[in-house]
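Everything below concerns the one structure shown next.
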Amino acid sequence: MASSIGERLGEMRGFNPGIGRPDGGRMKRLVGIAAALVVALVLLPTTFTYVNPGYVGIEISRIGNGVSRDPLQPGIKIRNPLTTDIVEYPIFMQTMTLAKDGDASSHGQINVNSAEGQPISLDVSMSFELDAAKVPQLYTRFRKDIEQIQSVYVTSTIRMALQEVMGSEQITDILGPKKAEVVQKAQDLLTKRLTPDGIMVRQFTINELRPPPSVIAAINEKNVMQQQALTAQNQLQKQEFEARGAAFQAEGRAKAILAEAEAQAKANRLLAESITPTLVQYEMTKKWNGQMPQVTGGAMPMISLPTKP
């Protein structure tokens with residue numbers, strides 16, 4: 001009776017009744033199971049990863065430090081949290097700004113030199129998308145997120161492209177007639193250099209150009225002089241037109257006077273040729289009223305009437 005009670009107490013306390021010491025193997029098994037349950041509960045939430053819409057996932061192996069070639073599409077993904085990790089990259093349209101006084105997302109202004117060595121500060125913006133198929137390649141090359149890639153690699157690429165384009169142009173052309181051409185050339189260079197990394201440039205814009213104040217003053221002075229020269233030229237042309245008009249008028253008046261004189265001379269000539277003594281006597285006779293003059297000289301005025309030939 002006593003021995004059976006002792007055996008039961010020994011079992012309850014973990015003693016082997018045959019040996020008289022604790023059952024170590026069973027205890028280890030219980031501890032292992034408990035630890036496994038704890039680890040499972042901790043890792044279970046990280047086993048499932050959700051890739052958000054507008055993003056692709058990149059599966060990274062922590063053991064071999066490799067990157068999966070195929071991007072993970074949006075949705076719930078199962079992974080081994082102990083050996084793999086998933087990084088998301090946005091593939092929707094993004095716009096980065098490089099400005100002097102921009103917001104927190106701005107990476108600072110761009111400073112370049114023109115062909116004459118004149119410094120120019122620029123505020124620019126670039127809209128781009130990531131090629132989903134090349135996102136693993138992009139991560140493999142830089143091992144950084146897209147914000148870090150923008151702030152370093154993309155910014156330096158924009159700066160080099162602008163320097164290459166503007167470094168071959170005069171500053172007056174950059175500020176004036178060739179501004180659109182400069183923007184297009186810069187965008188073409190950025191497209192050529194960023195596309196192989198999966199960064200597809202959609203639009204590049206120069207928002208503001210800030211040349212040195214001395215250049216602005218020289219350009220303004222030149223514009224004033226050109227305006228004055230244009231005004232003087234217009235005034236000269238106006239005077240020439242007015243002089244030509246006056247000459248035409250004078251010539252017209254001279255021609256009119258000449259024509260009138262010629263007409264008058266011709267009329268006088270014809271009139272002189274038509275006047276004869278007989279015609280004069282006839283005209284005098286038509287105008288005589290039949291009365292003799294009241295006061296006469298010593299002779300009697302006689303009126304000769306025309307006779308037949």
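With neighbour counts taken as other beta-carbon atoms within 10 Å, the residues Asp131, Asp123 rank, fewest first, as Asp131, Asp123.
Any idea what % of Cα-Cα pairs in region 94-211 are farther than 23 Å? Could the numbers behind the result be given before it?
On the way: 1980 of 6903 pairs.
That tail contains 29 percent of the Cα-Cα pairs.
For the pair Glu262 and Glu164, the difference between a 0.36 nm per residue extended length and the Cα-Cα distance amounts to 27.3 nm.
Compute the signed sum of charges (Lys and Arg +1, Asp and Glu -1) over the other residues within less than 10 Å, Cβ to Cβ, of Glu181.
Numbers: positive: Lys178, Lys179, Lys185; negative: Glu169, Asp173.
It works out to a net charge of +1.
For Ile91, the residues whose modelled amide H falls within less than 5 Å of its own, excluding neighbours fewer than 5 places apart on the same chain, are Tyr55, Val56.
Scan around Arg202 for amide H atoms under 5 Å from its own, H built in the peptide plane at 1.01 Å from N, and keep only partners 5 or more places away or cross-chain. Here Ser127, Phe128, Glu129 satisfy the definition.
Residues with beta-carbon under 15 Å from that of Ala261, excluding Ala261: net charge, scoring Lys, Arg +1 and Asp, Glu -1?
On the way: positive: Arg253, Lys255, Lys266, Arg269; negative: Glu260, Glu262.
Combined, the nearby Lys, Arg, Asp and Glu give +2.
Since every read-out is calculated from the coordinates, none of them should be taken as a lab result. Model, not experiment: these values are computed from the prediction. Note: ideal-geometry Cβ built from the backbone for every residue, glycine included; neighbour counts use all protein chains shown.
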